[in-house]
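The values are calculated or read from the model by the stated rules, or taken from the named source; none is laboratory data. Everything numeric here is computed off the predicted structure, so don't read it as measured data. All Cβ positions, even for glycine, are placed from backbone atoms using ideal geometry, and neighbour counts span all protein chains on display.
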Amino acid sequence: MGYDQRLGQGAWKNLRRFILDRDRWLCQIRGPKCTGGATCVDHIVSRVDGGDFYNPQNLRAACRACNAAGGAKLTNRKRWRAPPPPVEAPAGPEPVFRIF
Ligand SMILES: [Zn+2]
């Protein structure tokens, strides 16, 4: 995921401020290394996963540690990738019980 140009624009800065104010500058992720005080805004559903960039409902205040760790994203259902299906045994002849 590269740097998103929109992060440097005024609209984003205003929105970021709005989210931080809404969440009272408190981290909403509360990850293991959480510092408590939010300075970042996290996209709950990541942009690369189709999350709404400017929707406040998809945004939450985050401290630098949580934002950098991305730990919350691991618990984010949309980030979770299903494991590959088990490899099935190659089809062969049906096992047959034989009575000798
Ligand atoms: Zn935090």
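Just for region 1-24: of the residues that are among the basic types (K, R) and within 15 Å of D52 (Cβ to Cβ), which one is surrounded by the most Cβ atoms within 10 Å (Cβ to Cβ)?
To start, the set of residues in region 1-24 that are among the basic types (K, R) comprises 6, 13, 16-17, 22, 24.
Pick out the ones that are also within 15 Å of D52 (Cβ to Cβ) and you get 6, 16.
Numbers: R6: 12, R16: 16.
So the residue we want is R16.
So how many residues does region 27-37 have that are more than 7 Å from the ligand (Cβ to nearest atom) and either in contact (Cβ under 8 Å) with a residue 40 or more places away in the chain or surrounded by 18 or more Cβ atoms within 10 Å (Cβ to Cβ) (or both)? Before you say what the answer is, go through the steps one by one.
As a first pass, look at region 27-37 and keep what is more than 7 Å from the ligand (Cβ to nearest atom): 28, 32-33, 37.
Then drop every residue that is not either in contact (Cβ under 8 Å) with a residue 40 or more places away in the chain or surrounded by 18 or more Cβ atoms within 10 Å (Cβ to Cβ) (or both), which leaves 28.
Looking only at that region, the number is 1.
Hey, can you tell me all the residues within region 62-81 that are at pLDDT below 55 and away from the ligand (no atom under 16 Å from the Cβ)? Please lay out each step first, then the result.
First, the residues of region 62-81 that are at pLDDT below 55: 71-80.
Correct list: R77, K78, R79, W80.
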